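Participant: For reference, the structure I am asking about is given below.
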Amino acid sequence: MKGAVKMAGGRPRKDYVQFNMKMDREIMDRLVAHADAMGQTKTKCVEMIITKYLDEYEKNPPQKEKEVMK
């Protein structure tokens with residue numbers, strides 16, 4: 001794993017970048033409920049959601065730039 005640092009007796013740390021943002025409270029409430037239901041951290045859920053979105057976007061890019069945020 002690139003940039004990973006081994007911990008004594010544990011698994012390697014994940015290479016990461018700090019990401020901070022303000023989020024609409026209703027969306028955050030939905031994210032928290034989703035993370036709890038999935039038994040995952042909010043970070044893991046956001047990573048999975050963004051990955052899924054980007055994978056789909058790369059497979060089927062919009063025809064026009066204006067269609068991106070519909």
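Only the coordinates and a few stated rules stand behind these numbers; no lab work does. Given the structure is predicted, the values throughout are model-derived calculations rather than measurements. Virtual Cβ from ideal backbone geometry, glycine too; neighbours counted across all protein chains shown.
Participant: Give the peptides 29-39, 52-62, 13-23 in descending order of average Cβ contacts within 10 Å, highest first. The partial results should precede the final answer.
Facilitator: Details: 29-39: 11.6, 52-62: 9.5, 13-23: 7.6.
Ranked by mean Cβ neighbours within 10 Å, highest first: 29-39, 52-62, 13-23.
Participant: With +1 on each Lys and Arg Cβ and -1 on each Asp and Glu Cβ, and nothing else charged, work out how big the dipole of the range 10-65 is about its Cα centre, in Debye to the nearest 20. The partial results should precede the final answer.
Facilitator: Values: 11 positive and 10 negative charges, 52 e Å.
With only Lys, Arg, Asp and Glu charged at Cβ, the dipole is about 260 debye.
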